Structures are given as C-alpha cells and as structure tokens.
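Here, each number is a calculation from the coordinates, and none is a lab measurement. A quick note: this is a predicted structure, and the numbers were derived from the prediction, not measured. Glycine also receives a Cβ, built like all others from the backbone with ideal geometry; neighbour counts cover every protein chain displayed.
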Amino acid sequence: MKIAFVGKGGSGKTTLSSLFIRHLAANEAHVVAVDADINQHLGAALGLDEQEAAALPAMGAQLPLIKDYLRGSNPRIASAATMIKTTPPGEGSRLLRVREDNPVYDACARTVRLDDGDIRLMATGPFNESDLGVACYHSKVGAVELCLNHLVDGPDEYVVVDMTAGSDSFASGLFTRFDMTFLVAEPTRKGVSVYRQYKEYARDFGVALKVVGNKVQGEDDLDFLRAEVGDDLLVGIGHSDWVRTMEKGRPAPFELLEADNRMALQALQNAAEDSYGLRDWERYTRQMVHFHLKNAESWGNEKTGADLAAQVDPAFVLHEHLVDAGAAQPA
C-alpha cells in the first residue's frame with residue numbers, strides 16, 4: 001500500500017514518517033521509503049549520519065535511466081525522451097514491485113538497517129543553490145510520480161512517502177497515488193490551517209485523508225483538534241523522550257518507544273490497511289490518465305514535440321496481478 005505524510009513545516013511530519021517506517025519494520029513489513037520533501041531529512045531521522053544521508057543518490061539525477069527502464073517495450077511510447085512524470089504504463093511497460101531487485105532500485109535506493117529489519121530508502125535529492133531561478137521542486141518529485149504510476153503493491157507491502165510541506169503536495173497528480181494520506185497537525189490554529197485546503201482536494205479526488213495530532217499534551221488539545229477536523233482525526237501523539245534522545249544522536253532501541261506512541265503507530269497502520277482494502281484500481285488508473293492528459297496539454301506536448309495523449313493505452317488497467325517478471329499486460 002502507498003502512504004503519504006503531509007503537513008506544515010515544523011509539524012513533525014518527517015519525524016512521524018520515520019517512526020511509522022520503524023514501526024512497519026518492527027512488524028516485519030516490506031518497506032520502500034521515499035524522501036520527497038524539499039528539505040531532505042528522512043535519512044537522518046532513520047538514523048543515517050550526515051555523510052550517509054548526503055550520499056543517497058538523487059532520483060531526479062537518474063530520470064533518464066528510470067524512464068528507459070519503465071518504458072520497456074511499450075509501443076505507444078516512441079522513446080524514453082517523450083516520457084513525462086505523468087506518463088502512464090501500458091502493454092509492454094515494465095512495472096516495479098516493492099520486494100524485487102531492478103535497475104531503478106540499484107540506481108536510486110539504498111538499504112537502511114533498522115533495529116528490527118531492513119528497508120529501502122529513496123530520495124528525490126536536495127533543492128540546492130544551483131536550482132534557484134532555473135528549476136521547480138515539482139520537477140524533482142517527477143521521478144517519484146513516474147515510479148508510483150508504474151508500481152504495483154500488495155497488502156503486506158508498504159511505500160511510505162515523506163511529502164513536501166504545506167499545500168505543495170497537491171501541485172500535481174502525485175497526491176492521488178496514495179491509499180492513505182496522513183496530515184500531521186499540531187493542536188494550534190496555525191497547525192490546522194492547511195487542513196481545509198487538503199480536505200477539499202482530497203474530497204474532489206476520493207483521496208483518503210486522516211489527521212494525526214502531533215505534540216499533543218492532553219485532552220484539551222485533542223478536543224481542539226476534534227472541533228477543527230471532526231471525524232478525520234485519527235489519533236494524537238504526545239511528547240516522546242525516545243524521539244528527543246534520537247534527535248540528540250543517541251537513539252535507543254525502538255522497542256523502548258513509549259507504549260502510547262506505539263499504539264498510535266499501530267492505529268496508523270490499521271487505517272492504511274483498511275483503506276488499501278477499498279482500493280479501486282480502475283479509478284486509480286483513470287486518475288493517472290486524467291493528470292497525464294492535463295499535463296500533456298498544458299506543457300508536455302510542447303516540451304517533447306509529441307502528442308502525449310497517444311501514450312495512453314485505453315485497454316490497460318494497473319493491477320497487482322499484472323506483474324509477471326516485471327512486465328505489464330493489458331487488462
């Protein structure tokens with residue numbers, strides 16, 4: 001299942017993403033984690049030192065390889081150069097799986113050893129000084145969107161994406177790629193201010209959205225969050241000495257995380273699993289095509305010099321049962 005963490009800057013989004021990833025690993029789940037935030041801190045939150053985090057390969061730098069691999073033998077795609085971030089798979093495309101080895105993972109992913117198991121970590125790469133004035137961060141997350149469009153996952157497989165802060169998460173169709181989006185919010189007016197905007201987008205596209213209250217100090221904080229977001233409030237997470245120790249660079253074994261916070265993380269996993277059980281693969285594919293046609297018309301056709309609408313395979317529906325040695329077949 002595919003899960004996104006979103007929220008305002010400073011909400012604790014990356015910290016909660018890392019805790020959830022550790023929780024999944026402790027439950028022996030298969031996990032691919034993706035740092036898609038403009039500030040690349042997920043690696044450090046998962047225990048990498050500064051040098052290790054800086055050495056993570058940038059997905060954006062591997063975009064030609066990603067496109068060439070995913071294109072496969074799809075006859076509707078003339079060349080990898082005509083693929084954009086929204087290009088959907090079709091007959092002949094190569095698909096990605098969480099547990100397999102493939103050239104995309106070889107180039108873009110690194111194994112991170114946690115207390116209770118290993119996970120794969122991928123990163124878009126930092127938005128650095130050389131990008132200023134010439135690049136948009138949305139172009140950097142294009143590699144993530146392309147991979148998610150070509151990724152099929154089962155019920156015991158998790159792709160966890162730490163998204164960019166604020167409403168930028170909705171600047172493309174990427175936000176429709178997830179079974180569950182967790183909005184991390186502090187119990188303050190500023191903390192919940194972005195909720196209504198997220199809710200509107202989520203409602204329009206049938207995106208499952210739950211609010212996770214962070215830095216909750218008592219029942220009054222929970223009452224405030226309930227008044228602001230209603231039934232979308234899933235759980236509240238309070239102060240954690242374990243997290244404070246981790247942030248000082250002296251992480252304790254994950255099994256020592258406070259029991260209340262472990263229970264809260266399990267509530268997140270349960271909500272994600274329930275949402276995955278409702279996944280509509282046909283709608284998932286339709287939304288993929290919708291955003292591809294929208295991007296093709298607005299900028300893609302002009303940029304590539306091709307009619308990108310022709311890349312859409314009308315008979316194709318993405319589904320986990322399509323994968324056979326990584327190749328897609330028509331529905």
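On the beta carbon distance between Ala315 and Arg110, with R0 = 35 Å, the FRET formula returns roughly 0.40.
Relative to the Cα centre, what is the charge dipole magnitude of region 2-322, using +1 at the beta carbon of each Lys and Arg, -1 at the beta carbon of each Asp and Glu, and rounding to the nearest 20 debye? Walk me through the intermediate numbers first.
Working: 33 positive and 47 negative charges, 146 e Å.
About 700 debye.
Between the C-alpha center of region 9-70 and that of region 264-311 there is a gap of 21 Å. The slack in the chain from Asp274 to Asp223, taken as 0.36 nm per residue of separation less the alpha-carbon distance, amounts to 15.9 nm. Of all lysines in the structure, the ones whose alpha carbon falls short of 26 Å from that of Lys215, not counting any fewer than 8 places away in one chain, are Lys2, Lys8, Lys13, Lys190, Lys199, Lys248.
The length gained by stretching the chain between Gln197 and Asp231 to full extension, at 0.36 nm per residue less their Cα-Cα distance, is 10.6 nm.
Counting 0.36 nm for each residue step from Glu258 to Phe205 and taking away their Cα separation leaves a gain of 15.5 nm. Listed by chain and number, the lysines placed with their C-alpha closer than 17 angstrom to that of Lys303 are Lys67, Lys85, Lys140, Lys294; residues fewer than eight positions away on the same chain are left out. In this rough spin-label picture, where each label sits 7 Å from Cα along the Cβ direction, the Arg286-Lys190 distance is 4.1 nm.
Go through 247-253, 300-306 and give me the packing order, highest mean Cβ count within 10 Å leading.
On the way: 247-253: 10.9, 300-306: 15.1.
By packing density, highest mean first, the sequence is 300-306, 247-253.
Specify whether the C-alpha gyration tensor of region 1-156 places it in the rounded, prolate or oblate class, a ≥ b ≥ c being the square roots of the eigenvalues: rounded for a/c under 1.5, otherwise prolate if a/b is larger than b/c and oblate if not. Cα axes put region 1-156 in the oblate bin.
Scanning residues 5 or more positions from Ile237 or on other chains, those with amide H under 5 Å from its amide H are Gly213, Asn214, Lys215, Val216, with H placed 1.01 Å from N in the peptide plane.
What is the packing order of peptides 113-120, 76-83, 145-152, taking the mean over residues of other C-beta atoms within 10 Å and listing the highest first?
Values: 113-120: 16.0, 76-83: 18.0, 145-152: 23.0.
Going by the mean number of other Cβ atoms within 10 Å, highest first, we get 145-152, 76-83, 113-120.
Applying 1/(1 + (r/R0)^6) with R0 = 25 Å to the Cβ-Cβ distance of Glu52 and Lys248 gives a FRET efficiency near 0.90.
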